[in-house]
Every structure is written in C-alpha cells, then in structure tokens.
1. Return the distance in nm (one decimal) between the two label points of a simple spin-label model at A270 and L210, each offset 7 Å from Cα along Cα→Cβ.
2. Enter the Cα centre distance for the pair segment 132-172 and segment 93-109, rounded to the nearest angstrom.
3. Put +1 on the Cβ of every Lys and Arg and -1 on every Asp and Glu Cβ in segment 62-272; which of V99, G75, G227 then has its Cα farthest towards the positive end of the dipole?
4. Holding the Cα-Cα limit at 31 Å, pick out from K46/K159; K134/K174; K159/K235; K46/K134 the pairs that are longer than that.
5. Normalised by the number of residues in segment 62-272, what is the relative contact order in percent for Cα pairs under 8 Å and 6+ residues apart?
6. Would segment 62-272 count as rounded, prolate or oblate if I go by the C-alpha gyration tensor, calling it rounded below 1.5 in a/c and otherwise prolate when a/b exceeds b/c, oblate otherwise?
7. Classify segment 112-164 as rounded, prolate or oblate from the Cα gyration tensor: take a ≥ b ≥ c as the square roots of its eigenvalues, call it rounded if a/c is under 1.5, otherwise prolate when a/b beats b/c and oblate if not.
8. Could you list I211, I262, I193 so that the one with the fewest beta carbons within 10 Å of its beta carbon is first and the one with the most is last?
Amino acid sequence: MTDPDSRTSDNIPPVHGSTAVPTGADAEPTAAEEAAAEAEVDPPHKEWWEDQRLPWQGAPRKVDKQCWAAIALLGVYGMVLLPLRPILLGLDSYVLATVTGSNIAMADIGAKAATGPEPWWWVALLVAAATSVKFDWIFWWAGKLWGRGIIEVMAGRSKWAARTGAAAERLARKFGGPAIFLAWFIPFLPGAIVAAFVGDVGMRLRRYMLIDFFAALCYRGLWMYLGYQIGEPAKDLVKVIAKYANYFAIAMLVFIVVGTFIRTRREQQAKAS
C-alpha cells in the first residue's frame, strides 16, 4: 500500500479550470528580457561624433565642425605637399621660401648674399616667416574651443607624441607667451600643442600671432645667417639635398602610409577584442 505523503505532483490531477504556470525553460520571456535580447542582437546605433578620439563632448556645434574640417584639410595639404618637395627644391630659393618657408631656402639665400649682391634677402625672410605661421592660428582656435581635448588628441597618436606633447604642455604652462618663442628652437617640440594651450588659457589671437611671427622671423633668420657665414659650401650642400630629396620624399611617404596602416590594424584588433 502506497503512503499518501509519498505521492509526487505527477500523480495529482489538475484542478478543473486552473491553468498550469510554466516554469524553467518553458516560461515565456518578460518584456525586459526581450528588450535585453534585442539589444544584444542589434546594439544601439552610435553617431560618428560619439567617437572617444574626438576632442569635443556631445553633439558638435557648427564651429566644432568648421575647426575640425580645417585641421583635416591641413593634414591633406601636408600630405600633398610632401611628394612635391623635391620639385620645389629644384625651383628658385625665393619661390621655395614663399611656398614653404624652407630653412634650405634661407641658407641658400644667405650663402648667395655672402658670395655676391642679394638685395632682396630681407623680403625672402619676411615672406618665409609669414609662410611658416600661416596655419598656426588653427591650433590656437582648436585650443580655445576644446581645451585639453585637442591636446589629448594630438598627444595620443603615439608614445613619442605623448612624450613630446607633455613636454610642450609643461613649457607652455611654465612660461606662457615666451613658450611660443622657445618652441621654435627646441627640436621635436610640437608648437601646435603650445598654440592649443595658450588658446585654451585665453591668450588673444593677435598676441599669439605676433609672438609666433617674431619667433619664426628669428628662426628663419638664423638659418639665413648660417648660410651667410658658410658661404659657397652652403650652396653646394643645398644642391646635394635637392639631388637626394626625391628619395627622402619617397621614404617619408612610405613611412607615413605604413604607419597609418599599422595603426589602423591595431585599432581594429582592439575593437574586435
């Protein structure tokens, strides 16, 4: 005889009119569970401006787009100009000074002044200085708009950029206006970060550009003076540089393309993981 208390639920007949409640795997998902499942299958769409690598927070304003476009166009300009440098080096030094503000052009004009009459050297110096600073206001503008955001973007491209960027920011923080001048004479120091910093702390554009132009004038003038002191050998050196500039330009272009490809691959792998 079976003990009544030992009967399982399988032996108990269902009560008439009642509905069995599904449990475990047979239970229907709730609305919250369905929403979570849909989110896993179809993640929410992100706007392009939500990229953490951009210098601003939130939806960009019109002025943000304009400044970012100016920086992008500046990068394109530099890439286009790079393979053209060998051609420019073969042109007259005054043309080279006008287009690029080149140190080589300054040294060559200085050497010509040492070996013969060169009455327009001062015009070349002024034009070269103006050419050298013609785009610097863009980084001042970016600093005014985004502050540390643009500094972190420029310093975050590589470990080398981070080190030099930190050095530039320390210099700007310590010296302020004079840092704009010093950045021209310290090798590998990114003047763009100094420009962004002084823009962030509220320096007026006119003051920044005056200091920047004066620094460029002194720096290019130094190269012209070196060419003047060296004389004829400086002209010969310029010819040698022009001769091998094609190979240098090709090497630089390959370096940039390969570096960009490697960086893109690493970013894709980081996102995938």
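1. Taking the simple label geometry, A270 and L210 are separated by 4.2 nm.
2. The two parts, judged by their Cα centres, are 27 Å apart.
3. Towards the positive end, the residue furthest out is G75.
4. Details: K46/K159 28 Å; K134/K174 26 Å; K159/K235 38 Å; K46/K134 36 Å.
Listed pairs above 31 Å: K159/K235; K46/K134.
5. Working: 255 pairs, mean separation 62.7, N = 211.
Once divided by the residue count of segment 62-272, the mean separation gives 30 percent.
6. Details: a/c = 2.17, a/b = 1.38, b/c = 1.57.
The shape class here is oblate.
7. On the way: a/c = 7.50, a/b = 2.43, b/c = 3.08.
It comes out oblate by the Cα gyration axes.
8. Values: I211 20, I262 10, I193 26.
Sorted ascending by nearby Cβ count, the order is I262, I211, I193.
Bear in mind that the values in this text are calculations on the coordinates, not laboratory data. Computed from a predicted model, the values in this text were never measured in an experiment. In this analysis, Cβ positions are derived from the backbone assuming ideal geometry, glycine residues included, and neighbour counts consider all displayed protein chains.
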